[in-house]
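The values are calculated or read from the model by the stated rules, or taken from the named source; none is laboratory data. Worth saying up front: this structure is predicted, and the values here are computed from it rather than measured. We place every Cβ from the backbone using ideal geometry, glycine too, and count neighbours over all the protein chains shown.
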Amino acid sequence: MKTYLPPKFIVDRNPSRCIQCQVCVNQCSFDVHYYDADDDEVRSHEENCVGCHRCVIFCPTQALTIERNPLDYRENYNWRPEIIEDILRQAETGGVIITGMGDDKRQRIYWDHLVLNASQVTNPSIDPLREPMELRTYLGSKPERVEIEPDSLELKTYLAPQVELDVPVMFAAMSYGAVSLNVHESLARAATESGTLWNTGEGGLHPKLYKYGHNTIVQVASGRFGVHPQYLDVARVIEIKIGQGAKPGIGGHLPGEKVSAEVSLTRMIPQGTDALSPAPHHDIYSIEDLAQLIYALKEATNYQKPVAVKIAAVHNSAAIASGMVRAGADIIVLDGLRGSTGAAPKIIRDNVGIPIELALASVDERLRQEGIRNRASLIVSGGIRNSGDVVKAIALGADAIYIATAALIALGCTVCQQCHTGKCAWGICTQDPKLAKRVNPDIGSRRLTNLLRGWSLEIKDMLGGMGINALESLRGNRLHLRGVGLTDTELEILGVKMAGS
Ligand code: SF4
Ligand code: SF4
């Protein structure tokens with residue numbers, strides 16, 4: 001069938017610069033560039049271009065420019081080009097439109113409407129270069145109060161297992177299968193070097209990475225892929241995945257083409273078969289059922305590891321989170337509307353769920369009102385872009401933050417949204433051995449460690465500017481935030497005052 005879809009990008013090759021070296025031909029995984037031997041010239045099938053920019057970066061003579069196709073439809077706010085093209089695509093395929101990465105629509109990004117405080121005159125700021133600044137964070141259930149044996153000064157109160165982070169930023173769940181093993185290794189090594197944690201996602205843990213267990217969160221999702229006693233034993237934290245911000249309410253699907261021999265061994269499924277995670281856990285239909293799984297996992301690991309429960313941020317997250325804490329979760333993970341995915345129906349990704357900022361504020365407030373905030377740590381994710389977002393999230397009530405897209409960008413990802421195709425030109429979301437080699441774990445882990453180091457320095461600068469010398473003093477302290485350009489209702493939900501007041 002003839003496609004009615006116009007090319008999205010124009011590939012502009014400057015003939016005076018191009019030396020016909022064919023680097024672009026070899027680098028492109030979407031078959032855009034090809035060598036025409038008759039004319040001894042490199043040419044392009046620009047209709048295949050996804051705008052990943054791999055060729056632009058690797059062209060040795062900067063001969064390439066990729067531009068959006070200026071060809072446009074008649075202006076119509078209702079029938080925008082994307083809407084027209086989605087209809088055309090479905091008319092041609094008769095299927096659900098699948099995409100990768102997070103919601104790219106103009107949903108309000110509340111971080112951009114929140115500003116931080118800084119000390120002036122009466123409460124002096126602190127210079128982090130000259131004075132100690134504490135970013136250490138402890139994840140896990142805390143007792144309401146602690147009692148100490150007066151003579152021995154030993155702790156009398158039972159303390160649930162705690163996990164210490166040197167930096168309050170962790171790498172979010174991305175499964176082996178969705179991303180390559182080299183990406184997993186880069187994340188695991190960077191987490192270990194930076195004193196934080198990375199998360200296996202729902203695809204199990206490759207035996208090669210067991211040595212990073214002390215810095216690993218293992219996931220138990222509805223498909224139970226790769227879950228076995230050794231997997232649970234090696235981990236620092238166990239995370240039950242109920243939902244994901246990019247696709248709340250639906251399951252996962254790793255296409256058979258991405259289930260290589262290694263992935264199949266790690267996931268414990270036959271090679272080449274589709275890995276389908278059901279939408280619900282078939283043993284969880286109530287908070288009581290969730291409590292059973294939480295305690296089964298605690299029992300299986302001798303009560304030595306915190307158990308986290310991850311949900312997508314949805315309308316009644318606050319009530320659900322309260323139930324999760326009462327069910328025994330040590331850590332609550334909220335993943336917002338802008339959270340990413342390796343593959344999701346586009347219609348779900350862009351229309352279901354709520355922004356993480358609103359979910360975080362309402363969950364933190366509800367748990368405080370109920371007097372149970374100490375019983376679980378709160379981790380948020382879903383579109384955290386920089387250290388400013390991290391500091392604002394902590395002031396809104398988060399204990400720590402998960403990043404995924406930002407981590408992948410550090411590895412080269414250009415957010416081209418083609419993760420579901422398995423052809424990632426940057427070697428990230430692929431199981432093609434030739435492409436996967438493009439991520440070198442030595443370099444990848446260094447880039448990720450650098451990112452966390454840069455953010456840590458910036459977080460210290462912001463804390464110092466507020467006159468605070470420990471992250472702990474900022475947690476849930478919304479007095480350090482003010483809103484700009486928000487309605488009274490939004491300010492009320494966020495629990496912050498308008499700037500100027
Ligand atoms: S990589 Fe650059 S110089 Fe080499 S063939 Fe492609 S456009 Fe020409
Ligand atoms: S991981 Fe790869 S395919 Fe996915 S958005 Fe990034 S560059 Fe594109």
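Some points to look at:
- Candidates Ala296, Ala312, filtered to the one that is assigned by TED's automatic domain parsing to the domain that holds Asn374, at pLDDT 95 or above and under 25 Å from the mean Cα position of the chain (by Cα): Ala312
- Residues of the range 445-475 satisfying the condition of being away from ligand 2 (no atom under 16 Å from the Cβ) and either assigned to a loop (DSSP other than H, G, I, E, B) or among the basic types (Lys, Arg) (or both): Arg446, Arg453, Lys460, Met466, Gly467, Ile468, Asn469, Arg475
- Check on Val32, within 16 Å of ligand 2 (Cβ to nearest atom) and without any contact (Cβ under 8 Å) to a residue 12 or more places away in the chain: no
Residues checked against (1) outside any loop (DSSP other than H, G, I, E, B); (2) surrounded by 24 or more Cβ atoms within 10 Å (Cβ to Cβ):
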residue	(1), (2)
Thr192	yes, no
Leu205	no, yes
Ser222	no, no
Gly226	no, yes
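- On the stretch given as the range 6-21, residues that are under 22 Å from Cys413 (Cα atoms) and more than 16 Å from ligand 2 (Cβ to nearest atom) total 4.
- If the condition is being within 16 Å of ligand 2 (Cβ to nearest atom) and without any contact (Cβ under 8 Å) to a residue 40 or more places away in the chain, then the range 58-89 contributes only Phe58.
- Taken over the range 45-71, the criterion of being near ligand 1 (Cβ under 9 Å from one of its atoms) and either of a type outside the set (A, V, I, L, M) or touching a helix residue (DSSP H, G or I) at 6+ places or on another chain (Cβ under 7 Å) (or both) is satisfied by Cys55, Phe58, Cys59, Pro60, Thr61, Gln62, Leu64.
- So Ser445, is it more than 14 Å from the chain's Cα centre (by Cα), closer than 21 Å to Leu481 by Cβ, surrounded by fewer than 24 Cβ atoms within 10 Å (Cβ to Cβ) and among the hydroxyl-bearing types (Ser, Thr, Tyr): no
- Residue match in the range 415-426 (condition: in contact (Cβ under 8 Å) with a residue 24 or more places away in the chain, buried (at least 20 other Cβ atoms within 10 Å of the Cβ) and closer than 30 Å to Glu164 by Cβ): no
- Looking across the range 29-44, the residues that are within 9 Å of ligand 1 (Cβ to nearest atom) and either among the aliphatic types (A, V, I, L, M) or under 19 Å from Arg438 (Cα atoms) (or both) come down to His33, Val42.
- The selection criterion, being exposed (fewer than 14 other Cβ atoms within 10 Å of the Cβ), within 11 Å of ligand 1 (Cβ to nearest atom), more than 18 Å from Gly412 (Cα to Cα) and among the hydroxyl-bearing types (Ser, Thr, Tyr), does not hold for Thr3.
- Sole residue being touching a residue at least 12 places away in the same chain (Cβ under 8 Å), assigned by TED's automatic domain parsing to the domain that holds Glu185 and on the phi > 0 side of the Ramachandran plot, chosen from Gly226, Gly243, Gly213: Gly226
- Filter pass, Ala436 being more than 21 Å from Asn215 (Cβ to Cβ) and within 16 Å of ligand 1 (Cβ to nearest atom): no
- Some residue of the range 113-128 being within 16 Å of ligand 1 (Cβ to nearest atom) and either surrounded by 14 or more Cβ atoms within 10 Å (Cβ to Cβ) or free of Cβ contacts under 8 Å to residues at least 12 places away in the same chain (or both): no
- Checked against (1) within 12 Å of ligand 2 (Cβ to nearest atom); (2) within 30 Å of Val363 (Cβ to Cβ); (3) of a type outside the set (Lys, Arg); (4) out of contact with any strand residue (DSSP E or B) (no Cβ under 7 Å at 6 or more places or on another chain), Cys424 passes all but condition (2).
- Taking every residue in the range 462-482 that is over 16 Å from Ala393 (Cβ atoms) and pairing it with any residue that is part of a helix (DSSP H, G or I), at least 6 positions away or on another chain, the pairs with Cβ-Cβ distances below 9 Å are Asn469/Leu463; Ala470/Leu463.
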